[in-house]
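Accompanying notes for the structure given below.
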Amino acid sequence: MTVRGENLIGTEARRGREAAFRAVAAATGEPMEPDFPGASLADLDRACALAEAAFDTYRETDPEARAGFLEAIAANILEIGDDLVTRCMAETGLPRPRIEGERARTVGQLRLFASVVRDGSYVAARIDPALPDRKPLPRPDLRLRRIAVGPVAVFGASNFPLAFSVAGGDTASALAAGCPVIVKAHPAHPGTSELVGRAVQKAVSSCGLPEGTFSLLFDAGQSIGQALVADPRIAAVGFTGSRRGGTALMAIAAGRPTPIPVYAEMSSINPVLLFPAALDARGAAIGKAFAASLTLGAGQFCTNPGLILALPGPGLDAFLDAAAAALRESPAATMLTPGIQRAYREGVARVAGHNAVTLLAEGPEGAATQGRATLFATDSDAFLADPALQEEMFGASALVVRCPDFAAMRAVLEHLEGQLTASLHLAAADHAAARDLLPLLERRVGRILVDGFGTGVEVAHAMVHGGPYPATSDGRTTSVGSLAIDRFLRPVSYQDVPDALLPAALRAANPLGLPRRIDGAPERA
Ligand SMILES: NC(=O)C1=CN([C@@H]2O[C@H](COP(=O)(O)OP(=O)(O)OC[C@H]3O[C@@H](n4cnc5c(N)ncnc54)[C@H](OP(=O)(O)O)[C@@H]3O)[C@@H](O)[C@H]2O)C=CC1
Ligand SMILES: O=C(O)CCC(=O)C(=O)O
């Protein structure tokens with residue numbers, strides 16, 4: 001399939017009229033064909049008008065039609081075949097197995113949301129029948145369902161060109177909820193974005209859905225993204241990227257005459273707690289596994305294990321020796337964009353220059369487009385004294401904080417900003433110490449995991465990929481897993497509305513066969 005450098009607006013594909021940009025081949029830094037002229041404000045207006053016009057029809061599509069649409073997108077993505085994989089590899093510098101794995105995750109995610117739509121629990125339909133004889137007052141007939149919030153703006157992420165991008169988790173969950181989606185493509189992988197966008201556009205047509213169900217816009221700068229968030233027809237925003245970008249969009253959304261939620265997944269350093277008995281039993285093995293997680297995807301994961309907390313001892317020494325040895329041999333890896341590479345290099349230099357930090361290991365120097373792994377160490381007093389030491393270094397770099405005792409480890413955790421994940425490495429003898437820290441960890445993070453690392457989020461019903469600010473803008477939600485649909489739904493209650501006027505979800509005959517609660521208990525079939 002050919003990449004043409006076109007915005008996809010409803011059923012149309014048209015080249016923009018604003019300043020153009022090109023993808024940059026991540027490995028060489030060379031510009032790639034074709035150019036992508038940016039969308040104009042008129043293009044944005046058209047996409048928003050179509051989305052608004054599509055909304056009432058799309059949100060009332062029956063479950064089977066909407067599920068079929070999500071499955072059609074998945075099938076169309078697979079149908080692009082190797083053209084998608086090779087374009088994506090060139091634009092991102094990520095290797096084939098990673099891109100193929102990410103494609104499988106993306107397709108699986110779309111299918112998961114198709115099953116969520118078919119299941120229907122997400123509608124949360126509930127009925128409290130009228131009690132006309134209740135004393136002292138009769139109760140009205142009350143029925144509740146959740147409806148889609150409206151058109152959603154999605155910002156594709158640089159580091160997951162498929163699973164967190166044009167047809168990634170934000171788009172899949174918004175479409176599943178019944179929201180039309182307008183994607184602002186990430187400029188790091190425009191060709192990949194166009195190919196996937198065409199797969200969605202084709203599914204909209206083949207499923208007979210309103211054309212405004214999906215649009216994709218390109219922009220060489222930030223004005224289209226900002227105008228999209230500010231547009232009164234947009235009801236919510238999904239974003240994965242930097243704290244600076246996420247908070248800028250939050251400010252725009254909050255400053256609108258009608259403020260809207262921005263679900264931004266931003267920075268996280270994902271503390272890893274190494275407990276003494278686990279370190280004594282298998283310090284070297286944990287060190288090796290840590291190095292593998294740290295260097296995955298050149299460290300360009302928001303779940304990257306960037307902070308290690310441990311008590312000094314021979315177990316920690318074994319961990320550090322093994323981790324350092326593995327990192328010294330870990331080849332430098334191509335980073336996603338020159339900007340991300342520069343930010344990583346500067347972040348590493350800043351930490352390296354800190355007077356309370358020592359360099360434990362670094363990987364071999366790489367090409368100008370690459371990032372090398374680094375491991376630093378400091379102690380808990382120094383970490384507590386300088387908030388800059390908890391800034392995310394987006395790449396394969398981590399800081400080990402030596403804590404003299406569990407009280408110091410607790411103080412470091414208390415001092416941490418909100419995080420996506422915390423990993424605990426434990427043996428049975430560590431359980432009491434771990435139990436003491438769990439309530440604090442629950443306050444700080446969205447996911448607590450044992451004997452593993454947070455990279456490679458499972459797309460599942462019980463997954464939380466979120467966390468308190470600044471890991472995300474709203475720690476009550478997740479951007480991965482079936483619960484992600486909740487972000488794009490809103491409850492509506494119907495009081496004494498005649499059956500003929502009720503939405504199908506709430507009619508007495510339950511024509512959609514939805515799971516419902518009657519007076520708080522599951523409805524009997
Ligand atoms: N923790 C995480 O999950 C991630 C963190 N990052 C961090 O972000 C840095 C930059 O990476 P990147 O992925 O490009 O993230 P950015 O936040 O810079 O960009 C993400 C998207 O948002 C847009 N955007 C950013 N700021 C604004 C703004 N003020 N107004 C309108 N649109 C905006 C970008 O457009 P444009 O490119 O035109 O600015 C891009 O489309 C990395 O070095 C890393 O530190 C990145 C990815 C994931
Ligand atoms: O680790 C993962 O699978 C997902 C990571 C992620 O969400 C991100 O890096 O933005």
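A short reminder: the numbers here are calculations on the coordinates, not readings from a lab. As the structure is a computational prediction, the values presented were derived from the model and not from experiment. With ideal geometry, Cβ positions are generated from the backbone for all residues, glycine too; neighbour counts draw on all protein chains shown.
Observations
- Treating r as the C-beta distance of residue 142 and residue 509 and R0 as 25 Å, the FRET efficiency rounds to 0.85.
- Seen from residue 421, the other residues with C-beta closer than 15 Å to its C-beta sum to a net charge of -3, counting Lys and Arg as +1 and Asp and Glu as -1.
- Net +/- balance of residues flanking residue 153 in space, Cβ distance below 13 Å, scoring K and R +1, D and E -1: 0
- Cα-projected label distance for residue 65 with residue 329, points at 7 Å along beta-carbon direction, nm: 5.9
- By definition, a body whose alpha carbon gyration tensor gives a ≥ b ≥ c is oblate when a/c is 1.5 or more and a/b is not larger than b/c, and the chain fits this oblate description.
- Neighbour counts of other Cβ atoms within 10 Å put 56, 128, 170 in the fewest-to-most order 56, 128, 170.
- Label point distance in nm, residue 476-residue 442, each placed 7 Å from Cα along Cα→Cβ: 1.9
- Relative exposure of 202, 184, judged by other C-beta atoms within 10 Å (fewest first): 202, 184
- R0 of 56 Å, Cβ-Cβ distance residue 202-residue 429: FRET efficiency to nearest 0.05: 0.45
- For a paramagnetic label modelled on residue 493 (point 7 Å from Cα along Cα→Cβ), amide N atoms under 17 Å away belong, within the range 132-159, to 132, 137-147.
- Most simply put, the chain has about 40% antiparallel DSSP beta bridges, counting only bridges with both residues inside it.
- Dipole magnitude for the range 406-488: computed about the Cα centre from +1 point charges on Lys and Arg Cβ and -1 point charges on Asp and Glu Cβ, it is near 120 debye.
- Length available on full extension from residue 30 to residue 524: 0.36 nm per residue minus the Cα-Cα distance, which gives 171.5 nm.
- Beta-bridge orientation, the range 129-272: approximately 5 percent antiparallel, per DSSP, counting only bridges with both partners inside.
- Tensor-based shape of the range 1-118 (alpha-carbon gyration tensor, a/c under 1.5 rounded, otherwise prolate or oblate): oblate
- Look at 219, 436, 486 and count the other Cβ atoms within 10 Å of each Cβ; fewest to most, that gives 436, 486, 219.
- Overall form of the range 423-525 per C-alpha gyration tensor (a/c, 1.5; a/b vs b/c): prolate
- Label-to-label distance, residue 79 versus residue 414, with points set 7 angstrom from Cα along the beta-carbon direction: 5.9 nm.
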